[in-house]
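Right, one structure below, let's go through it.
The values are calculated or read from the model by the stated rules, or taken from the named source; none is laboratory data. No experiment lies behind these values; they were computed from the predicted model shown. Positions of Cβ are backbone-derived with ideal geometry, glycine not excepted, and every protein chain shown enters the neighbour counts. The protein model used for the area step is the full one, side chains on, heavy atoms only, and it has no ligands, DNA or RNA in it. Shrake-Rupley method; radii C 1.70, N 1.55, O 1.52, S 1.80 Å.
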Amino acid sequence: HGNGATSGIGYLMPRASGNSPIFAAALWIGGLVGGEVRAAAGSYINNQFWPGPLDAGAALPNPADCSAYDRIWVVSPADVAAYEAGGTPTADLAQWPVGLGAAAVDAQGLPVPVGSRFQRIDLPGGERPVLGGGPTAFWVMNDVGGARFDEGNRLGVEVQVTAFALASGPTAFRQSSFYRFTVVNRNALPIEGLQVGFFVDPDLGDSRDDYVGVDTTRGMALTYNVDDSDDEYGIPPALGFDLLSGLWSSSYSTEFSTDIPSLPVQFLHRMRGLWNDGSPIREYGDGHEETQGAVTRFTFSGDPVTGAFWSERQVTPNGPPAPIHERRFVLASPPLTLAPGASRTVDLGVLFAQGASHLASVTALRAVSDRAQAAYDAGTLFAGQFLPGTAAAPALIAPADGASFYESDVTFSWAAVPGADGYVVEVSPTADFAEIDLAVTEQTQVTFAAGRFAANRTAPFYWRVRTTQGGLDGPPGPARSFAVYRYVEGPLRLASGAYAYVETTAPGGGPACSGPADPDEGCSEVGGDLIVRSLNSTEDYRAAITQATSTASITQYAPNDFELRFTEQGSIAYAGFTSNPRLFRVPVEVWDVGVVLPGGINDPSDDRQLVIRLTGLSTATPCAFEYERRFPSSPTLNTPAILSYYMATGSYSSFASVAQPLIDADPAGCPTGPAVAAAVSRVNGDPGTSPLESFRLEQASARPVSVLTGTTIRFYTTDRPVTSEGGPAAAGTLALGAAYPNPARGRVTVPVALAGPARLRLVDVLGRTVLEQRLDDGTREARLDVQRLAPGVYAVVLDAAEARAVRMLTVVR
């Protein structure tokens, strides 16, 4: 689950948007076993399925351990192609679990017969997995293996699940995903009236302005927007849960406390098109406890596009639309009796469409449903077989190849193709279009909002256009590149997306970016080796960001960078809160090193040592300084050292001059008491806003901390954005905006805000000024010509009176 309000996790569509049309969804299964109502269902976190298959009699293969099945196998067509080209198969491809129900064919294209539960695919023998045209996942689960929130009897079902999304093929399908649920009755008794259903809490970006309905002609429950504006998506899309194998009922919920089932009979009532208490749905008002209207199994089955009764746009024959509220819906397959050992397959498409308006999105969703159903009926959908179109790609008009945009929307346009039904615009961060954000339109231009592109990115994007004709997508035309420079305040990131927290000198003081087995991630960009992924040059230690506040807090101190220096003398730190702190020495120092160019050499003249505060130390050994040990060779967690760093009043030395005598006077070298509290009170910092808050170091195996002596870890930040956006700068202010375009080849524009004369310089990695301008009070932007400069990273430095602002600029050729 996930949407824009849940930090962009979960089911994202389009992927690059960070938004989700689904907050949560859950599988429901219900029926009667020996006349008793039983169900395996849930809503959010209380789902009643556990990993693994079942033996006959609904017995678990190993009640004490299901770890062998606690996984999802994922294989893509690219994995198969790489293997056939002579490569080594991925673990999931080599272990494709045919014996658990994962589909595969032999060398003649016939289904592989299953001999045992432990059967794996025979790749050398010519067997291949059946993939749905893109990355395909398989897992198996059951309703027996764990505790239930209702403590009811189990159905005794095993569920084999195949899911896939398309990397190619029809565009409409590439914005959708497809699922096959095979339910096997492992009980010794038949399950009567068995139904398979789905609970869905849809959030089309903003959850507060959605309507729901059902299209009985297409077997699809859908969600659409109340109007043409959504806080997350802009123009709202439409979402459909399409039971390709047949829809029998659909109902909805608005209030969590009263509408969400909690008992097996309530789950079964909902799947049968009834309310929780078994009362019928009526085509009038909200359908609940109504005294008029025809009885129905389908809520809001009227056409929402025309606003016909009975839809949420018209809940009475001549009346108003439904009140706005959050929506949830349930849809279910037809009931049947499932004999012991028998199986039932239910196929589902989660469909997505975005038109020019909220109702145009509904119309587009219907077209997606029709295409999906046609491919399903033809037997090609789950086999990944799609016919390519032949219509030629249109000629691209704008933007020109290599165009740059600074924090602005991008409008793509192309020439019309006679007879085309529409066009597909594909945008990718890679030239091979391995990852695609797309838009479907009948027009000859489309606009992507600036927020749709990755922030703080210097690499180019690529775009191309396909023609759609007769329901098929034609081949793509030539691609063009472009750049979008969108700044978001935060720590500097490497091209991989990782924060630039790097090792600049290795243990012992040697170079961090050397060694035949060293991955050196970050070395070519910032001259340091990434440490938060355990890729430092020695792998004697790793680092972890334990909370989002770690990156948020360091941003507040930009543009200054910070360093951890492991030295023989170390420094004085304190642990605990200021009311009862404890002092002791630690083998690490922390420094504010000012602004350091990525890959450049630090200027020691502006370095300032900070005071260390440690949290998470053991209460049993409060004076011991160790790192948390989480490596496989030492799985037991030892004392963690979560580091926070605070600036001392005046200087670190003034703090140390008071703290050191207290340490010397304590036999254990770890004093506490009123005098220590007084020394700590000299530290100037708010515990909620310290740089590098909640940054954790973890030591490998049982090596002593001293092995890290000589190591330096640097934390790069980015500068803040311009604070004055229009109008003269306030008195005493100085602000420097991000230069654009960046990377640059020729002329560069630099936004500034001044409150007096200033000096603008371009400085290379050796600290040499290569360009310089004098700026007058009131200047809003400056221009620099970098076409004659050598490629590389430069600092844009703005000086006025005693203030300075710095940003980075990359020059390319």
What is the projected area of the convex hull of the Cα atoms of region 219-291, averaged over all directions, in nm²? 6.5
Compare the peptides 119-129, 219-229 by average per-residue count of other Cβ atoms within 10 angstrom and give them in order, highest first. 219-229, 119-129
Place the peptides 237-250, 96-109 in order of packing, highest mean first, counting for every residue the other Cβ atoms within 10 Å and averaging per peptide. 237-250, 96-109
Can you list residues from other chains, or at least 5 along the same chain, whose modelled amide H is less than 5 Å from the amide H of residue 397? 413, 414, 415
Quick note, region 373-430: a/c under 1.5 would make it rounded; otherwise a/b > b/c is prolate and the rest oblate (a ≥ b ≥ c, C-alpha gyration tensor); here it is prolate
Shape category assigned to region 94-142 from the gyration tensor of Cα positions, a/c cut at 1.5: oblate
Mean shadow area of region 93-234 over all directions, Cα convex hull, nm²: 13.3
Does region 1-158 classify as rounded, prolate or oblate by the C-alpha gyration tensor (a ≥ b ≥ c root eigenvalues; a/c under 1.5 gives rounded; else a/b over b/c gives prolate, otherwise oblate)? oblate
Debye log10 I(q)/I(0) for region 348-403, one point scatterer per Cα, at q = 0.30 Å⁻¹: -1.09
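Mind ordering 56-65, 500-509 by average Cβ neighbours within 10 Å, highest first?
In descending order of packing, they fall as 500-509, 56-65.
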Considering only protein heavy atoms and a 1.4 Å probe, what is the carbon-and-sulfur percentage of the accessible area of region 185-263? 49
Span from the region 557-613 Cα centroid across to the region 339-413 one, whole angstrom: 53
Rg and Dmax of region 232-391, Cα atoms, in Å? 17.9, 56
